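J.: Sharing a structure here in structure tokens format.
Derivation of every value follows stated rules applied to the coordinates shown; laboratory data play no part. Please read all numbers here as calculations on a predicted model, not as lab measurements. Backbone-built Cβ (ideal geometry, glycine too); neighbour counts: all protein chains shown.
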Amino acid sequence: MKSFLSVFRSLALLEKTVEKCYISLNGRSSRLVVQLHCKYGVRKIHNLSFQDCESLQAVFDPASCPHVLRAPAKVLGEAVLPFPPALAEVTLGVSHGRRVILRSYQEEEADSTVRAMVTEMSIAEEDFQQLQAQEGVAVTFCLKEFRGLLSFAESANLSLSIHFDTPGRPAIFTIEDSLLDGHFVLATLSEPDLQSQDLSSQQPRQPEPPLQAHSTPNLDDFTNDDIDSYMIAMETTLASEGSRALPSFSISPGPQPPCSPGPNSEDDEAEPSTVPGTPPPKKFRSLFFGSILAPVHSPQAPSPVLAEDSEGEG
Amino acid sequence: MKFRAKIADTGCLNHFTRISNMIAKLAKTCTLRISPDKLNFILSDKVANGGVSMWCELEQENFFSEFQMEGISAENNEIYIELTAENLSRALKTAQNAKALKIKLTNKHFPCLTVSVDLLSISSSSRIVTHDIPIKVIPRKLWKDLQEPVVPDFDVSIYLPVLKTMKSVVEKMKNISSYLIIEANLNGELNLKIETELVCVTTHFKDLGRPPLASGSASQGRNPEQMAEVRIDVKKLLQFLAGQQVNPTKALCNIVNNKIVHFDLLHEDVSLQYFIPALS
């Protein structure tokens with residue numbers, strides 16, 4: 001592609017000087033010939049050598065995807081701005097209140113002591129021209145590729161449609177105008193069997209203290225995820241000499257909800273077999289599911305609320 | 001333990017972002033101390049930091065329209081958390097076109113400082129960006145190492161020259177030597193010196209003002225011509241200078257001969273103190 005691109009490198013110059021452009025194939029000498037007929041009788045001829053190759057035909061059908069989002073590329077382009085440039089993958093889904101969420105996806109390494117920052121962008125339904133997806137669906141795909149196709153769509157001022165299915169099935173991004181239509185197919189991460197994440201161990205996550213009360217499962221709400229319950233747990237384990245009387249509380253035993261990843265939840269490590277035609281499945285951290293779905297395995301009655309919420313959001 | 005605060009004013013938001021960018025340049029990991037009236041960014045003088053320490057203080061009411069905090073206990077109404085400074089400045093960077101910014105301590109799978117920004121979008125619909133910055137809560141028994149450093153009884157106190165000029169000088173000096181001598185006297189003269197086997201380079205700054213002296217200070221009976229000097233790691237000085245992207249409202253340095261240099265800056269209403277110890 002590089003040699004072909006170099007012919008059209010300076011758009012401004014091309015617009016000013018080129019009157020016509022002929023592209024032809026010279027089969028005998030295996031050359032793609034690009035002739036630029038410019039002003040003042042100047043002709044620039046580029047002979048680019050090519051090789052015949054087998055073309056791979058991807059088999060996909062946007063119509064077979066149950067979920068569709070459509071929005072101007074500009075909206076989506078703005079939506080990916082807050083994510084760090086080095087971020088590899090992003091999760092796209094629909095949450096409570098029909099809001100579209102983009103969330104940074106972090107591969108969790110068992111031995112990492114330094115966690116990465118998690119960024120989430122939430123866009124209202126009104127910004128979308130079409131939103132045909134239920135709350136709770138989500139897929140994860142490569143952000144770098146997504147940024148690439150977004151910048152193309154933005155430059156052509158087009159809308160982008162995203163057709164997706166269950167995690168693991170490809171996501172199809174389409175753009176269309178009178179001159180062209182484009183289909184970009186990206187692989188999505190598949191999630192491991194949710195049952196296998198149903199751990200009966202209460203393995204603590206490091207470096208947090210071993211006692212942990214589960215707060216009421218409403219993680220999507222900014223007002224309800226106070227650090228209080230965690231802090232109270234920490235205080236009791238540190239045997240602090242403070243005079244504050246701490247209420248006693250019970251730890252809810254039993255399966256951890258699927259939304260708690262941790263170094264010890266990686267025992268379901270048996271390599272899943274690869275399905276031909278799909279990328280090797282990676283561990284799918286259902287951090288995202290945890291925040292938007294009602295918990296699939298609801299933990300026991302939520303532990304008593306230990307500290308009053310401060311005033312709800314205005 | 002609770003913390004939630006909101007910045008509603010664009011000017012305050014930009015100022016807070018600038019301070020955060022500065023802290024990110026001065027320290028990789030630092031401590032944030034939250035108390036009812038103030039926020040402090042702290043770097044304690046551990047060996048890991050090369051003995052450099054930092055104390056940055058801002059009055060919360062100059063920034064936040066809403067501020068609620070509840071410390072570890074009633075007698076210790078403070079919160080100390082450790083975070084990667086760059087995460088905060090990256091999170092604030094997305095708030096450039098924001099209507100409002102909220103910060104809150106949360107526990108989403110791990111303890112976080114959650115920054116939530118309401119963005120202005122082309123359409124009138126709301127767009128919200130949330131950043132969960134992972135933090136470590138610092139237990140009370142370690143708080144004693146994170147208190148405001150005592151300003152030493154210094155020999156010389158002098159106003160600094162334009163920091164950008166100092167920075168460009170020190171940047172060039174860094175290529176020649178790893179150590180630098182900073183010396184100053186009470187006559188408003190400050191020199192930056194490097195010495196190697198091949199070459200000695202000194203940059204002289206003159207006519208710098210002298211800050212008013214506290215009575216009883218060590219420098220009172222001192223000969224105004226006599227220089228007090230400190231030999232320091234040039235990279236540490238450069239890191240400090242590089243962090244000052246904006247010209248401070250006030251900038252002075254205090255030198256204790258052969259012991260430590262203390263930089264005392266004021267960026268509008270935010271104070272920054274930075275200590276670089278002498279190399280043995």
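J.: Sticking with the crude label model, points 7 Å out along Cα→Cβ, report the distance from residue A:19 to residue B:93 in nm, one decimal please.
T.: Each label point lies 7 Å from its Cα, and together they span 4.9 nm.
J.: So what are the three principal axis dimensions of chain B from its Cα atoms, in whole Å, longest to shortest?
T.: Largest to smallest, the principal-axis extents are 63, 46, 34 Å.
J.: Return the Rg/Rh ratio of region B:193-265 with Cα-based radii and a Kirkwood Rh.
T.: Details: Rg = 14.4 Å, Rh = 14.7 Å.
With Rg and the Kirkwood Rh in hand, the quotient comes to 0.98.
J.: Separate question: Of B:206/B:250; B:136/B:259; A:44/A:74; B:28/B:172, which ones are farther than 29 Å apart at the Cα?
T.: Those over the limit are B:136/B:259; A:44/A:74.
J.: Give the span of region B:61-218's Cα atoms along each principal axis, as three whole-Å numbers ordered largest to smallest.
T.: In descending order, the Cα extents are 61, 46, 32 Å.
J.: Compute, for region B:156-277, the length of the dipole vector about the Cα centre, with Cβ point charges of +1 (Lys, Arg) and -1 (Asp, Glu) only. Units Debye, rounded to 20.
T.: I would put it at about 140 debye.
J.: Continuing with the same structure: Please tell me the relative contact order of chain B in percent, rounded to the nearest whole number, where contacts are Cα pairs under 8 Å and at least six residues apart.
T.: Relative contact order for chain B comes out at 18 percent.
J.: Return the average number of partner chain Cβ atoms within 10 angstrom of each residue Cβ along peptide A:121-127. Write out the running numbers ahead of the final one.
T.: Details: counts 8, 7, 8, 7, 1, 5, 7.
Partner-chain Cβ atoms within 10 Å, mean over residues of A:121-127: 6.
J.: Let me ask something else. Sequence neighbours fewer than 8 away in the same chain don't count; with that in mind, list the lysines whose C-alpha is under 18 Å from residue B:141.
T.: In chain and number order, the partners are B:46.
J.: Return the tail of the calculated pair distribution for region B:2-145, meaning the percent of Cα-Cα pairs more than 25 Å apart.
T.: That fraction is 25 percent.
J.: Please give the helix B:163-174 orientation as an angle from the longest Cα principal axis of chain B, in degrees from 0 to 90, rounded to the nearest 10.
T.: 70 degrees
J.: What net charge do the residues around residue A:65 carry, taking every other residue with its C-beta under 11 Å from that of residue A:65, with Lys and Arg at +1 and Asp and Glu at -1?
T.: Here the charged neighbours net out to -1.
J.: I'd like to know how region A:6-109 sits against the 2.2 N^0.38 Å rule of thumb: what's its Cα Rg over that expected value?
T.: Here the answer is 1.76, to two decimals.
J.: Specify the angular offset, from 0 to 90 degrees and rounded to the nearest 10, of the alpha carbon long axis of helix B:10-26 from the longest principal axis of the alpha carbons in chain B.
T.: Around 50 degrees separate the two axes.
J.: I would also like to ask the following. Report the one residue of B:246, B:152, B:256 whose Cα lies farthest in the direction of the positive end of the charge dipole of chain B (charges on C-beta: Lys and Arg +1, Asp and Glu -1; origin at the Cα centre).
T.: Of the listed residues, the answer is B:246.
J.: Can you give the local net charge around residue B:187? Use residues other than it whose beta-carbon is closer than 14 angstrom to its beta-carbon, Lys and Arg +1, Asp and Glu -1.
T.: Local charge sum for residue B:187: -2.
J.: Kirkwood hydrodynamic radius, region B:156-277, all distinct C-alpha pairs: what's the number in Å? Working shown, then result.
T.: On the way: mean 1/r = 0.0682 Å⁻¹.
After inverting the mean inverse Cα-Cα distance, the result is 14.7 Å.
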